[in-house]
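The values are calculated or read from the model by the stated rules, or taken from the named source; none is laboratory data. The shown structure was predicted, so the numbers you read here are calculated from the model rather than taken from an experiment. Note: ideal-geometry Cβ built from the backbone for every residue, glycine included; neighbour counts use all protein chains shown.
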Amino acid sequence: MILVPAIVGAQNLVTNATMEQTSWAAFRPGIEKAQGWSNSNGGTADLFKPSRYARKDGIPQNYMGTQDGGGGNYAGIIAYYGDQSIDPVRSVRNGVFANEIGYGRYTEYLQGELSEPLVKGRLYTFSFQVSLAEESDRAVRGLGAYFSTEKLNMRGNSFLQLSPQVVSKEVITDMNGWTEIRGMFIAEGGERYFSIGAFPEHLTVADLSDPNRNDSRKAYYYVARPSLTAGPVLNEPVTQRSISTAAETFDKQGLVYLGINFATGSAYESVKNRRIELYRVE
């Protein structure tokens, strides 16, 4: 088993990780009121802030449910929306309203900025927390983060056809607490932005609908506390031996060893898609 280190207590490279609101302009979409945050595509991610009263964009109570933010702001995205429309032909023929599958590709991505460009060949640890909103009747597998050198501004509102460097392989259904998504990747170099959302190559949709209530057909997730920290630079093509050597080098500094996902299409083809399980060094 290979162990890869990440330094405990390292600087968070995410700009405005607490999503503090700096603009009150009513005409701007929710997330863009927070400095350094935007939408990666034509969707409209939400921004929630603490409030003493139940309100559309409040914390803990808002239009999608109730979730405590730990005193800070958090975002919200529709990861999947299984919309439907009425089929007039079938409705007339059968004498009752009949639905047909609609667009089915609408999704939202939360885009953040980094305080400095990533270094080629360096290992980075990225994590963020999500919670499925109570008004959701779907849940998904495939939530993750994609790092890019340029800011994404896709005009459409469908899924980004990109391979995330960090991704969850589990369907996340917890509505009570926060679930952490964490992974490590090797930077190609120059990445300054990241997009959080659902990525189609990993996407699985779970139906949580209850026949006793209206079906929202949405998988809506609150997103909070993104963190990116830097690990060691690997100056040679990554192999099992070089990763083990790096672990031995950093072992004396009191480190936590984390699971690692290598990004598809990275410069280190010999280990792409290798998954190393989570361990903790006492």
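Of note:
- So Ala10, is it at pLDDT 85 or above, under 30 Å from Val233 (Cβ atoms) and out of contact with any Asp or Glu (no Cβ under 8 Å at 6 or more places or on another chain): no
- Counting only residues that are more than 17 Å from Lys218 (Cβ to Cβ) and under 20 Å from the mean Cα position of the chain (by Cα), segment 43-56 holds 2 of them.
- Reported count of residues in segment 146-184, each being in a strand (DSSP E or B) and out of contact with any Pro (no Cβ under 7 Å at 6 or more places or on another chain), is 10.
- Within segment 185-199, being assigned to a strand (DSSP E or B), more than 21 Å from Arg138 (Cβ to Cβ) and not aromatic (Phe, Trp, Tyr) holds for one residue alone: Ile186.
Residue-wise test of (1) in a loop (DSSP other than H, G, I, E, B); (2) among the aliphatic types (A, V, I, L, M); (3) modelled with pLDDT of 90 or more.
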| site | (1), (2), (3) |
| --- | --- |
| Glu201 | no, no, yes |
| Thr229 | no, no, yes |
| Lys252 | no, no, no |
| Ala263 | yes, yes, no |
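- Segment 36-51 - residue that is in a loop (DSSP other than H, G, I, E, B) and among the small types (Gly, Ala, Ser) and, of those, modelled with the lowest pLDDT: Ser51
- Taking (1) at pLDDT below 95; (2) under 20 Å from Ala230 (Cα atoms); (3) within 18 Å of the chain's Cα centre (by Cα) in turn, Lys169 satisfies each apart from (2).
- Index of the failed condition, Ser227 passing every other in (1) surrounded by fewer than 20 Cβ atoms within 10 Å (Cβ to Cβ); (2) among the small types (Gly, Ala, Ser); (3) over 17 Å from Val119 (Cα atoms); (4) out of contact with any Lys or Arg (no Cβ under 8 Å at 6 or more places or on another chain): (3)
- Close pairs from segment 60-86: first over 24 Å from Asn41 (Cβ atoms), partner outside any strand (DSSP E or B) and at pLDDT below 85, Cβ under 6 Å, at least 6 apart: Gln61/Ala54; Ile86/Phe97
- Listed by first and then second residue, the pairs with beta-carbon distance under 8 Å, at least 6 apart or on different chains, first residue in segment 107-133 and acidic (Asp, Glu), second assigned to a strand (DSSP E or B) and modelled with pLDDT of 95 or more, are Glu108/Asn39; Glu108/Ile77; Glu108/Ile78; Glu108/Ala79; Glu108/Gly197; Glu113/Val14; Glu113/Trp37; Glu113/Tyr193.
- Taken over segment 85-124, the residue count meeting the criterion of being within 19 Å of the chain's Cα centre (by Cα), surrounded by fewer than 16 Cβ atoms within 10 Å (Cβ to Cβ) and either at pLDDT 95 or above or of a type in the set (A, V, I, L, M, F, W, C) (or both) is 1.
- All positions within segment 126-140 that are in a strand (DSSP E or B) and either touching a Leu at 6+ places or on another chain (Cβ under 7 Å) or closer than 18 Å to Asn157 by Cα (or both): Phe126, Val130, Arg138, Ala139, Val140
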